[in-house]
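The values are calculated or read from the model by the stated rules, or taken from the named source; none is laboratory data. The model shown is predicted, which means the values in this text are computed figures rather than measured ones. Heads up, the Cβs are rebuilt from the backbone with ideal geometry, glycines too, and the neighbour counts pull from every protein chain shown.
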Amino acid sequence: MKAILLAGGKGTRLRPLTIHTPKPIVPIFNRPFLHYQLDLLKRVPEIDEVILSLNYQPRRIEEIFGDGSDAGISIRYVVEPAPLGTAGAVKYAGDRLTESVVVFNGDVLTQIDLAAVIALHRERRARATIVLTPVENPAAYGLVETDAGGNVTRFLEKPTPEEITTNHVNAGIYVLEPDTFDRIPSEVAWSIERSYFPSLVERGETFVAYVYDGYWIDIGTPEKYARVHRDIMDGRYAAAPFAGLAAPRMAVAPEARIEDGARVEGPCFIDEGVLVKAGARVLPYSVIGRQTQIEEDATIDAAIVWPNCRVSRDAVVKDAILGRNCHVGRSVTVNGGAVLGDKTTLTDYTRA
Ligand code: GDD
Ligand code: MG
């Protein structure tokens with residue numbers, strides 16, 4: 001059985017982080033995001049190949065995962081000549097498939113039991129099975145109505161507030177029968193959410209819902225990207241290096257250097273090669289990437305700092321995300337919600 005991972009989006013809502021780093025490989029702690037999805041797919045022994053459907057900066061992704069041997073699952077790359085939309089991409093990537101295929105949005109993190117979804121699909125002899133998850137505000141998602149028998153009766157992408165009739169949304173995980181792809185045109189962009197799913201409903205085909213109310217999040221915005229880190233540090237989502245780590249849950253690489261007189265409070269993550277100088281404070285929910293330096297009396301407070309940054313003396317970085325190779329000057333304050341792209345330099349005494 002194959003799985004298609006849709007990972008061709010531009011990640012616009014995660015800009016500027018995604019300008020040099022496509023969304024599938026933004027780091028969660030020190031691992032590219034896609035690793036977490038591959039881990040989930042690997043739990044289904046029947047899935048013997050992952051097809052990565054890409055078009056935005058595909059080389060960067062290929063360089064990291066190669067043929068998949070390091071990740072432990074065979075990976076094939078399909079790069080669209082131009083973005084074909086979610087349905088076009090599935091058809092393009094799954095062109096020659098003849099058996100049921102698992103399709104996964106490339107930006108969701110979840111602990112769903114995929115084998116159970118596949119089992120339901122088979123049991124119901126469905127043409128398509130979709131995973132639904134409850135969310136507080138469905139407006140940013142695909143709203144899905146179902147009947148008492150668990151069949152999808154309506155699919156409405158990005159509903160307006162008046163259109164919200166349920167809190168169940170599309171979790172971006174499907175099992176599909178490839179013989180339904182014939183309704184997707186080949187050469188133009190086509191949406192699985194706006195066209196393919198509504199057409200299954202319209203034609204009364206067996207379109208089944210699997211409701212999952214465990215951990216699920218899509219990392220599409222800086223706020224949610226930060227929340228994923230917090231959830232892993234808090235143990236709401238079990239993942240290395242925090243799974244099983246005792247309080248105060250400090251994951252500090254042995255190769256990191258924390259000088260005497262620096263204060264580090266968990267939960268936090270400090271990667272190899274990091275230097276935290278005397279008097280500096282790393283406060284809870286901070287994540288500090290490889291080779292980053294935190295200088296004397298600087299404060300990192302619930303911020304995510306990617307590799308190779310320098311935070312100078314007396315600077316405060318709070319509730320912010322810093323891309324790679326940033327330089328935060330002396331006594332600078334970077335405050336709540338700020339997202340700095342790679343190589344940003346903030347001159348000494350800047351208040352951002
Ligand atoms: N190959 C390819 N080509 N991939 C694409 C394309 C394309 O043209 N467009 C989007 N993708 C990929 C993105 O990389 C992402 O992994 C996935 O398809 C979904 O696109 P998003 O841009 O993240 O969509 P969304 O978050 O607004 O909404 C989707 O996900 C929600 C759940 O997170 C929809 O599927 C919603 O219905 C759903 O609720
Ligand atoms: Mg998304």
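Within the range 223-233, the set of residues being of a type outside the set (Lys, Arg) and within 14 Å of ligand 1 (Cβ to nearest atom) comprises Glu223, Tyr225, Val228.
Listed here are the residues, each with its yes/no results for (1) modelled with pLDDT of 95 or more; (2) crowded, with 19+ Cβ neighbours inside 10 Å; (3) closer than 24 Å to Ala238 by Cα; (4) near ligand 1 (Cβ under 10 Å from one of its atoms).
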| residue | (1), (2), (3), (4) |
| --- | --- |
| Met1 | yes, no, no, no |
| Gly11 | no, yes, no, yes |
| Leu52 | yes, yes, no, yes |
| Arg60 | no, no, no, no |
| Ala93 | no, yes, no, yes |
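Within this structure, Leu38 fails the test of being part of a strand (DSSP E or B) and under 16 Å from the mean Cα position of the chain (by Cα). For the residues Glu163, Glu193, the requirement of being within 19 Å of Gly150 (Cα to Cα) and either assigned by TED's automatic domain parsing to the domain that holds Tyr285 or charged (D, E, K, R) (or both) singles out Glu193. Among residues of the range 1-17 that are in the same structural domain as Ala140 (by TED's automatic domain parsing), those with a Cβ under 6 angstrom from a residue that is within 11 Å of ligand 2 (Cβ to nearest atom) and assigned to a strand (DSSP E or B), sequence gap 6+ or separate chain, pair up as Leu6/Asn105.
The residue that is nearest to the chain's Cα centre (by Cα), counting only those in the range 210-241 that are among the small types (Gly, Ala, Ser) and within 16 Å of ligand 2 (Cβ to nearest atom), is Gly220. Residues that are closer than 26 Å to Asp113 by Cβ and within 16 Å of ligand 2 (Cβ to nearest atom) within the range 158-193 comprise Val169, Asn170, Ala171, Gly172, Ile173, Tyr174, Ile192, Glu193, listed in sequence order. Among residues of the range 45-68 that are without any contact (Cβ under 8 Å) to a residue 60 or more places away in the chain, those with a beta-carbon under 7 Å from a residue that is part of a helix (DSSP H, G or I) and not hydrophobic (A, V, I, L, M, F, W, C) at least six positions away or on a different chain give the pairs Ile61/Pro24.
Filtered by the rule that a residue be crowded, with 17+ Cβ neighbours inside 10 Å, among the β-branched types (Val, Ile, Thr) and either within 11 Å of Gly85 (Cα to Cα) or in contact with a Gly (Cβ under 6 Å, 6 or more places away or on another chain) (or both), the range 170-206 gives Ile184, Ile192.
Scanning the range 331-341 for residues that are part of a loop (DSSP other than H, G, I, E, B) and at pLDDT 95 or above yields Ser331, Val332, Ala338, Gly341.
Looking at the range 51-144, the helices (runs of 4 or more DSSP H) lying wholly inside it that each contain 2 or more residues that are farther than 17 Å from Trp190 by Cα sit at 58-65, 114-123.
Given the criteria over 18 Å from Gly8 (Cα atoms), modelled with pLDDT of 95 or more and more than 16 Å from ligand 2 (Cβ to nearest atom), does Phe207 qualify? The answer is yes for Phe207.
Being of a type in the set (A, V, I, L, M, F, W, C) and touching an Asp or Glu at 6+ places or on another chain (Cβ under 8 Å) holds for only one residue in Leu120, Leu114, Leu97, Leu109, and it is Leu109.
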